Amino acid sequence: MTHRTVELRAAGTALVLAVPDTGLPHVLHWGADLAGTAGLAAVSAPPAANNGLDEPVPVSLLPSQAEGWRGHPGISGHHEGRATFPRWTVQEVVVDPLDQDGRGVATGGDGGRGGALTVTARTAGLDLRIQVRMEASGLVRVRHTVTNTDPAVWTLDSLLAAMPLPREAGEVLDLTGRWCRERAPQRQELTMGTRLRASRRGRTGHDAPLVLTAGTPGFGFGHGEVWGVHTGWSGDHVHLAERLPEGAGQADGVLAGGELTHPGEVRLAQGEHYTTPWMYFSWSDRGLDGMSARVHRWLRSRASHPSSPRPVVLNTWEAVYFDHDLDTLTRLADTAAAIGVERFVLDDGWFRGRRDDTAGLGDWTVDTEVWPDGLHPLFDHVRSLGMQVGLWVEPEMVNPDSDLARAHPDWFLAAPDRLPPPSRHQHLLDLARPEAFEYVFEHLDALLTEYRPDHVKWDHNRDLLEPVHAPTGGAGTHHHTLAVYALLDRLRARHPRVEIESCSSGGGRGDLGILERTDRVWASDTNDPLERLAIQRWTGLLIPPELVGAHVGGPRSHTTGRLTDLSLRCLTSLVAHAGIEWDITGCAPRELEVLAGWIGLYRELRPLLHSGDLVHADAPDPAEQLDGVVAPDGSEAVFLYARLSTSARAMPGRVRLPGLCEDLTYRVRRREEAGTPGTTQRSAPPWYGREEVEVSGAVLARSGLQLPNLDPAQALLLHLTAV
């Protein structure tokens with residue numbers, strides 16, 4: 001078989017593909033950059049096993065049985081019962097150069113700055129386009145487009161993007177979770193067979209794997225070789241790692257992702273096409289932190305990435321819930337402005353009939369019984385205090401007890417003769433109906449035009465169950481998700497200055513598809529800092545801290561009932577997009593003083609926190625957690641060390657600080673604007689009593705720093721600057 005080789009390189013990684021005269025491109029190498037590729041194709045070709053194919057065939061970017069692949073097919077579907085086992089013929093191959101602006105959005109293989117490969121191919125009844133992009137950060141993005149060229153309707157069963165895994169990938173890590181306990185890691189051996197994570201929730205899900213990661217046994221945040229995949233889609237989705245006894249042609253297994261479609265959900269008439277979401281593949285030989293850095297750097301390179309400092313937020317939900325009163329909210333705004341809050345967000349309860357969560361969703365006009373003069377008195381007052389204004393909405397949902405539901409009972413995303421099981425007293429509005437879409441757009445457009453909010457908190461508080469598009473009787477998740485994207489795109493085009501936050505019962509919709517259209521995600525509905533420390537750590541596997549909302553709640557968490565100190569609550573919120581969700585009008589003067597100091601600290605550190613590289617320690621003690629942010633040039637760093645519970649150790653010992661430049665010397669100081677942590681010890685480490693200490697980066701990274709024995713549910717913040 002003759003072929004040409006395409007080499008895409010960036011940021012220490014290389015993707016080398018063989019493009020044959022017949023068949024689709026296949027990957028010869030995805031991993032560390034290679035000083036040379038001479039002989040790579042020859043030594044990558046596998047032998048022929050007994051009782052296998054007489055002549056081995058490489059497994060392509062779209063694995064198929066024609067290549068001897070017995071696992072999950074890259075493409076599956078049928079022309080009205082005629083099976084699809086494609087034999088592709090390549091029509092065109094295009095390799096694109098890097099864009100002139102240097103951003104990693106469309107890249108080419110020049111001098112290790114990335115590249116883009118587009119391949120078009122044809123088989124009986126189908127055309128295919130494969131797009132592969134190596135971004136400047138080393139992140140690989142892949143998506144496919146299939147077009148039906150046959151007179152018969154083609155039904156799509158699945159269309160996945162796949163990348164190869166080597167035999168060294170011996171373990172797999174993904175995440176699970178639930179409401180208020182998102183992003184819980186789980187790890188297992190990658191044996192023969194399939195590690196499959198399929199989500200049918202109609203949204204990303206609290207239990208979404210986020211990134212399905214395969215790696216060398218024992219890999220951690222700072223060590224090991226890892227290969228990860230994320231499906232950038234906000235509906236049903238699938239991620240898998242698969243290894244079969246026969247291998248995968250030139251590779252040992254595959255890593256894949258894509259949209260999960262219901263039977264008959266995507267049917268293409270002649271000339272119609274389907275495009276997968278972008279699938280994101282990230283490799284690192286520096287563990288999970290290196291894998292995440294590629295994603296974070298690409299996100300930050302986008303023209304749409306938030307460029308202004310992330311403002312300190314006060315969200316009214318846990319302060320007042322549904323009890324909206326102008327005088328109360330005015331006092332809350334006054335107090336917020338006095339301590340330095342920069343954005344005031346009015347949460348659920350402002351619209352018609354919304355006195356609790358059983359009614360009103362869908363009726364997107366201000367409740368004049370509660371707000372006789374509209375929201376203007378509050379919003380004008382907030383703006384007069386120098387703060388931005390935000391507003392909560394949940395446009396995809398409808399309560400049966402609403403004027404909208406009574407007027408248009410056929411607009412539910414449901415079968416005509418019954419509703420799905422209720423959740424939070426609400427159901428989905430079928431935005432794939434043009435009339436429902438226009439209703440929502442017109443009402444949101446009117447709100448944004450009249451009140452000019454700077455921020456919209458866009459909520460989505462239930463899974464999609466039995467999602468039927470009633471006009472056709474077909475499954476509706478795919479088209480509803482596309483309609484949500486279209487609604488967001490249209491609103492943003494009409495109101496470009498408005499920032500949008502994706503909230504979905506907390507962290508139920510945090511993916512790179514929704515983040516193409518929003519400016520941050522709400523990580524979880526819990527503000528309990530001990531829960532939040534883990535949730536934010538693992539959310540950071542995909543999403544950088546400036547895009548993750550984290551708020552200081554009241555002393556007793558309303559989701560766990562746990563009491564925690566203000567210092568821990570402040571420090572946990574500090575290392576994300578910080579805010580407050582608490583009735584601070586009842587705070588003691590000392591509490592307000594601490595909050596003001598913490599806000600000042602956040603403002604000082606946010607340029608670093610929202611541009612640096614996330615690092616995490618693989619701590620030997622499960623009772624502690626160490627997370628940090630290090631400037632790209634290593635000149636500055638912040639580390640948050642938290643004691644989660646009591647430990648079997650009497651003292652923590654020397655704790656290593658990852659990610660520092662070892663040839664620099666750092667000035668280390670404690671930052672206690674949020675309070676001094678409680679300790680249990682006869683004396684602190686000698687350095688800890690000083691205002692600051694100078695230590696080499698090599699000592700901090702390789703030998704470590706003695707830390708005090710913190711009490712449970714306490715934390716300290718270290719600020720390092722290069723001397």
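Filter the range 231-283 down to residues that are closer than 30 Å to D54 by Cβ and within 22 Å of the chain's Cα centre (by Cα) and give me whichever is surrounded by the fewest Cβ atoms within 10 Å (Cβ to Cβ).
So the first thing to find is which residues in the range 231-283 are closer than 30 Å to D54 by Cβ, and the list is 240-256.
Okay, now just the ones that are also within 22 Å of the chain's Cα centre (by Cα), so 240-241, 255-256.
Working: L240: 23, A241: 25, L255: 27, A256: 30.
Filtering first and then ranking leaves L240.
For the range 136-144, the condition holds for no residue, the condition being that it is over 23 Å from the mean Cα position of the chain (by Cα), assigned to a strand (DSSP E or B) and within 21 Å of S76 (Cβ to Cβ). The numbered conditions (1) among the charged types (D, E, K, R); (2) more than 30 Å from V146 (Cβ to Cβ); (3) touching a helix residue (DSSP H, G or I) at 6+ places or on another chain (Cβ under 6 Å); (4) surrounded by fewer than 24 Cβ atoms within 10 Å (Cβ to Cβ) are all true for E318 except (3).
Could you tell me whether the range 36-59 includes any residue that is out of contact with any Phe, Trp or Tyr (no Cβ under 8 Å at 6 or more places or on another chain) and under 30 Å from A303 (Cβ atoms)? No, because not a single residue in the range 36-59 is out of contact with any Phe, Trp or Tyr (no Cβ under 8 Å at 6 or more places or on another chain) and under 30 Å from A303 (Cβ atoms). The set of residues in the range 499-542 being within 19 Å of S282 (Cα to Cα), in contact with a helix residue (DSSP H, G or I) (Cβ under 7 Å, 6 or more places away or on another chain) and either among the hydrophobic types (A, V, I, L, M, F, W, C) or surrounded by fewer than 23 Cβ atoms within 10 Å (Cβ to Cβ) (or both) consists of L515, L541, L542.
A Cβ distance below 7 Å, combined with a sequence gap of six or more or placement on separate chains, defines the contacts here; from the range 74-88, residues that are in a loop (DSSP other than H, G, I, E, B) reach residues that are exposed (fewer than 13 other Cβ atoms within 10 Å of the Cβ) and not charged (D, E, K, R) in the pairs F85/Q65. Can you find even one residue in the range 119-131 that is buried (at least 22 other Cβ atoms within 10 Å of the Cβ) and either over 23 Å from H239 (Cβ atoms) or modelled with pLDDT under 95 (or both)? For the range 119-131, residues buried (at least 22 other Cβ atoms within 10 Å of the Cβ) and either over 23 Å from H239 (Cβ atoms) or modelled with pLDDT under 95 (or both): present. Selection of the range 6-20 for residues being surrounded by 24 or more Cβ atoms within 10 Å (Cβ to Cβ) and of a type in the set (V, I, T) yields only T13. Please verify whether L487 is farther than 30 Å from R643 by Cβ, of a type outside the set (V, I, T), in contact (Cβ under 8 Å) with a residue 40 or more places away in the chain and buried (at least 22 other Cβ atoms within 10 Å of the Cβ), treating the condition exactly as stated. In short, no. Could you list all residues from the range 145-189 that are within 18 Å of P25 (Cβ to Cβ) and either of a type in the set (S, T, Y) or not in a loop (DSSP other than H, G, I, E, B) (or both)? Those that are within 18 Å of P25 (Cβ to Cβ) and either of a type in the set (S, T, Y) or not in a loop (DSSP other than H, G, I, E, B) (or both): T145, V146, L159, A161, A162, M163, P164, L165. Candidates L605, L614, L657: the one that is in a helix (DSSP H, G or I) and either within 18 Å of P545 (Cβ to Cβ) or touching a residue at least 40 places away in the same chain (Cβ under 8 Å) (or both) is L605.
The residues in the range 426-459 that are in a loop (DSSP other than H, G, I, E, B), of a type in the set (D, E, K, R) and buried (at least 22 other Cβ atoms within 10 Å of the Cβ) can be counted, and the count is 3.
Of all residues in the range 546-574, those satisfying the criterion of being outside any helix (DSSP H, G or I) and within 21 Å of G508 (Cα to Cα) are V548, G549, A550, H551, V552, G553, S557, H558, T559, T560. Scanning the range 145-197 for residues that are without any contact (Cβ under 8 Å) to a residue 60 or more places away in the chain, of a type in the set (D, E) and surrounded by 15 or more Cβ atoms within 10 Å (Cβ to Cβ) returns a single hit, E171.
Here the condition is being surrounded by 12 or more Cβ atoms within 10 Å (Cβ to Cβ) and more than 23 Å from P245 (Cβ to Cβ); of V57, V27, V95, it holds for V95 alone.
Restricting attention to the range 163-202, the residues that are over 24 Å from D528 (Cα atoms) and within 20 Å of the chain's Cα centre (by Cα) total 10.
If you go through the range 390-421 and keep only what is among the hydrophobic types (A, V, I, L, M, F, W, C), buried (at least 18 other Cβ atoms within 10 Å of the Cβ) and either within 19 Å of G474 (Cβ to Cβ) or out of contact with any Pro (no Cβ under 9 Å at 6 or more places or on another chain) (or both), you end up with W392, V393, M397, V398, L404, A405, W411, F412, L413, A414.
Among the residues of this structure, E581 does not count as one that is in contact with a Lys or Arg (Cβ under 9 Å, 6 or more places away or on another chain), touching a residue at least 12 places away in the same chain (Cβ under 8 Å) and among the acidic types (D, E).
Determine whether the range 1-12 contains at least one residue that is in a loop (DSSP other than H, G, I, E, B) and under 19 Å from A161 (Cβ atoms).
No, that holds for no residue.
Within the range 284-308, residues that are buried (at least 24 other Cβ atoms within 10 Å of the Cβ) sit with their Cβ atoms under 9 Å from residues that are in a helix (DSSP H, G or I) and hydrophobic (A, V, I, L, M, F, W, C), at 6+ positions apart or across chains, in these pairs: S284/M291; S284/A293. Scan the range 222-232 and tell me whether some residue there is among the aromatic types (F, W, Y), in contact with a Leu (Cβ under 9 Å, 6 or more places away or on another chain) and either in a strand (DSSP E or B) or farther than 25 Å from P25 by Cα (or both). Among the residues of the range 222-232, at least one is among the aromatic types (F, W, Y), in contact with a Leu (Cβ under 9 Å, 6 or more places away or on another chain) and either in a strand (DSSP E or B) or farther than 25 Å from P25 by Cα (or both), which makes the answer yes.
So that you can scan it fast, the table gives a plain yes or no per residue for (1) within 30 Å of G271 (Cβ to Cβ); (2) of a type in the set (S, T, Y); (3) out of contact with any strand residue (DSSP E or B) (no Cβ under 6 Å at 6 or more places or on another chain):
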{"position": "L40", "(1), (2), (3)": "no, no, no"}
{"position": "P46", "(1), (2), (3)": "no, no, yes"}
{"position": "A66", "(1), (2), (3)": "yes, no, yes"}
{"position": "W69", "(1), (2), (3)": "yes, no, yes"}
{"position": "G77", "(1), (2), (3)": "yes, no, no"}
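Could you tell me whether any residue of the range 339-346 is among the charged types (D, E, K, R), closer than 30 Å to L608 by Cα and touching a strand residue (DSSP E or B) at 6+ places or on another chain (Cβ under 7 Å)? Within the range 339-346, one or more residues are among the charged types (D, E, K, R), closer than 30 Å to L608 by Cα and touching a strand residue (DSSP E or B) at 6+ places or on another chain (Cβ under 7 Å). Taken over the range 629-650, the residue count meeting the criterion of being over 25 Å from D711 (Cβ atoms) and out of contact with any helix residue (DSSP H, G or I) (no Cβ under 9 Å at 6 or more places or on another chain) is 2. As a summary of the residue check, T559 satisfies the conditions (1) surrounded by 23 or more Cβ atoms within 10 Å (Cβ to Cβ); (2) over 27 Å from F281 (Cβ atoms); (3) hydroxyl-bearing (S, T, Y) except for the one numbered (1).
The values are calculated or read from the model by the stated rules, or taken from the named source; none is laboratory data. Remember, predicted model here, so these are calculated numbers, not experimental data. Reconstructed Cβ throughout: ideal geometry from the backbone, glycine too, with neighbour counts over all protein chains shown.
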